[in-house]
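Values quoted throughout were computed directly from the atomic coordinates according to the rules given, and no laboratory measurement underlies them. All values derive from a computational prediction rather than experimental measurement. Backbone-built Cβ (ideal geometry, glycine too); neighbour counts: all protein chains shown.
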Amino acid sequence: MLTPDQVQAHNEARQADLEADVEHLTAVLARSGKSAASVIDSLEAFSVAAPSWAVGSGGTRFGRFAIGGEPRTTEEKIDDVATLNSLTAANRSISLHVPWDEPTDPAALKQYALSRGVRFAAMNSNTFQDNPSTTENGRLTYKFGSLANADQAVREAAIEHNLAVIDLGVKLGSDALCIWLADGFNHPGGADHRRQFERVAAGLKVIHDHLPSGWQLFTEHKPFEPAFFATVNADWGSSLLLAQAAGPKANCLVDLGHHLPNANIEQIVSRLAMAGRLGGFHFNDAKYADDDVTTGSIKPFQLFLVFCELLNAGDGSLPALAYMIDQSHNLKDPLEDLIQSTEAAALAYAQALLIDRAALRAAQDENDAALCQELLQRAFRTDVRPLVAEARRRAGGVITPLEAYRESGYRQAKIAERGSDAVASGL
């Protein structure tokens, strides 16, 4: 983690320029009736969780190239997230993936995280690859699915794993379970669409009923991979049906990369919010499918429109949902990519806050398409980076986090400590 002295030294060298930029933008926004101070206040409270698996190098089906200094344990993953948060002041929690992260002493791990200013966000269960603790060393296998499997013993093993993840989450102080299912089939006629769906719905109901008070269950849809012909939870409609079947504590999670090309994701956000079943987001970006690249790097306008719909759902305020970055860093330093993604989400949020909502509503009612576009583009094209940087500074982070990270020598220090061939656990 960057020390307070390091943060202060970094910011003092840049604060005068930032103050001038904020003052100028404040005056510009005031002329259109917008408050820069209000935007800064909203941004200061914004936080997006970092997943434990994103602090290591990701890979493809063709190879994985470790960057060096990767975290070998869950504690080291927490160290990396704590360092990230000391830079951004907007990554205050970590999301674990079980069995990739399965502590022998949950109480000690919780205390370790708290000592570094990090709490635990939603838990993630893994039933898309065999795990000896739940599939009995090969006697049972998730090769043909988990909750949708034709074998009742496999389904029961998958349910038991999810219940164990909930129990672990309770010990860590989490309050949600996210379930992404690889269930489906690759060949026509290989399984029965309806029976698979009914099995998943029944399993989710059992898992839902195990949730403690105040907990949520998230169903996460994805159109394909690894089931290419038919995936059980392939779209937002299927996710909604499964959440409704599970129970009132179940909501739908939207991963921005889990959609077919050109899907109108902001409309999906609107529909789930209307149904009262929008649970949260996994932020990333994609050119073709589930690319899992840096948030906002390819479709920044889409990210902006998603935040517009979130503010619509919250009547001008950001709803209290589960927000997390879910990416696979194949080439970049994982922490640098997380820094850029966190900033991209904050920028889109700030831009969405600048929309003249009353004027947009009036233009929509008048069917004035040109004015509607103008109002959106005016907000989207506003350079809100000074507001994001000022919010970050006020929250205890640094003004230019990527620059500060590189100056700190953190990656080089971790290579020396953990080794040049260290590979993140669980991936």
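For a footprinting-style exposure proxy, rank Cys308, Cys252 by other Cβ within 10 Å, fewest first.
Lowest count first: Cys308, Cys252.
For Phe120, list long-range residues whose amide hydrogen, built 1.01 Å from N in the peptide plane, is under 5 Å from its own amide hydrogen.
For Phe120, the qualifying residues are Ile94.
Give the shape of the chain as rounded, prolate or oblate, defined through the alpha-carbon gyration tensor: a ≥ b ≥ c are the square roots of its eigenvalues, a/c under 1.5 means rounded, and otherwise the shape is prolate if a/b is larger than b/c and oblate if not.
oblate
Compute the Cα gyration tensor for segment 277-427, then decide on rounded, prolate or oblate, letting a ≥ b ≥ c be the square roots of its eigenvalues: rounded whenever a/c is under 1.5, prolate when a/b is larger than b/c in the other cases, and oblate in all that remain.
prolate
Under 10 Å, Cα contacts only: if you run a Gaussian network model on the chain, which one of Leu375, Leu278, Leu204 comes out with the highest mean-square fluctuation?
So, out of Leu375, Leu278, Leu204, the one fluctuating most is Leu375.
Pick from Asn126, Asn85, Asn262: which residue has the top mean-square fluctuation in a GNM of the chain where Cα pairs under 10 Å get a spring?
With Cα springs under 10 Å in the chain, the top fluctuation among Asn126, Asn85, Asn262 is at Asn262.
Okay, which of segment 113-130 sit inside 20 Å, backbone N to the point 7 Å along the Cα-Cβ direction of Lys171?
Backbone N within reach: 113-116, 118-127.
Counting other beta carbons within 10 Å of each residue's own, what order do Ser341, Ser297 fall into, fewest first?
Ordered by Cβ neighbours within 10 Å, fewest first: Ser297, Ser341.
Once you keep just the Cα pairs under 8 angstrom separated by 6 or more residues, what percentage relative contact order results for segment 163-306?
Relative contact order for segment 163-306 comes out at 20 percent.
Add +1 for every Lys or Arg and -1 for every Asp or Glu among the other residues with Cβ under 13 Å from the Cβ of Ala36, and state the total.
Summing Lys/Arg as +1 and Asp/Glu as -1 gives -3.
What does the charge add up to near Gln340, with Lys and Arg as +1, Asp and Glu as -1, over the other residues with Cβ less than 14 Å from its Cβ?
-3
Give, as a single signed number, the net charge of other residues whose beta carbon lies under 10 Å from the beta carbon of Asp255, with Lys and Arg counted +1 and Asp and Glu -1.
Taking every other residue near Asp255 into account, the sum is -3.
Report the gain in length on full extension from Arg119 to Met274: 0.36 nm times residue separation, minus Cα-Cα distance, nm rounded to one decimal.
52.8 nm
Quote the relative contact order of the chain in percent (integer), defining contacts as alpha-carbon pairs under 8 Å separated by 6+ residues.
Worked out over the chain, it gives 23 percent.
Can you sort Tyr112, Tyr405, Tyr288 from fewest to most other Cβ atoms within 10 Å of each residue's own Cβ?
With the sparsest Cβ surroundings first, the list reads Tyr288, Tyr112, Tyr405.
When a/c is below 1.5 the answer is rounded, else prolate if a/b is larger than b/c, else oblate, so apply that to segment 109-243 with a ≥ b ≥ c taken from the square roots of the Cα gyration tensor eigenvalues.
prolate
Can you list residues from other chains, or at least 5 along the same chain, whose modelled amide H is less than 5 Å from the amide H of Trp180?
Sorted by chain and number, the residues that satisfy this are Ser125.
Per residue of segment 24-29, what does 6.51 cos²θ - 1.76 cosθ + 1.60 with θ = phi - 60° give for ³J(HN,Hα)? Whole Hz please, x for Gly and Pro, Karplus curve as stated.
So the J values, rounded to whole Hz, are 5, 5, 4, 5, 4, 5.
Explain nothing, just compute: Karplus ³J(HN,Hα) = 6.51 cos²θ - 1.76 cosθ + 1.60, θ = phi - 60°, for every residue of segment 117-126 in order, whole Hz, x for Gly and Pro.
Calculated HN-Hα couplings, in order: x, 10, 10, 9, 8, 4, 7, 10, 9, 10 Hz.
Hey, quick one: spin label on Arg381, modelled 7 Å out along Cα-Cβ, who in segment 312-354 has an amide N within reach, i.e. under 17 Å?
351-352, 354
Going by amide H atoms built from the backbone, whose H comes under 5 Å of the H on Asn251, apart from near neighbours?
Here the answer is Leu217, Phe218, Thr219, since their amide H atoms fall under 5 Å of that of Asn251.
Quick one: Cα centre-to-centre distance for segment 143-174 and segment 388-427, in angstrom?
About 34 Å separates the Cα centre of segment 143-174 from the one of segment 388-427.
What are the ³J(HN,Hα) values, in whole Hz, obtained from phi via the Karplus relation 6.51 cos²θ - 1.76 cosθ + 1.60 with θ = phi - 60°, for each residue of segment 192-208 in sequence order, with x given for Gly and Pro?
9, 3, 5, 5, 4, 4, 5, 5, 5, 4, 5, x, 5, 5, 5, 5, 4
Any idea what the dipole of the chain comes to, in debye rounded to 20, about its Cα centre with Lys/Arg Cβ at +1 and Asp/Glu Cβ at -1?
440
If packing is taken as the average count of other Cβ atoms within 10 Å, what order do 320-327, 150-157, 56-63 fall into, highest mean first?
Top to bottom by mean Cβ count within 10 Å: 320-327, 150-157, 56-63.
Which of the pairs Lys205/Lys249; Lys77/Lys414; Lys77/Lys143; Lys171/Lys222; Lys110/Lys332 have their Cα atoms more than 22 Å apart in this structure?
Lys77/Lys143; Lys171/Lys222; Lys110/Lys332, as the Cα separations exceed 22 Å there.
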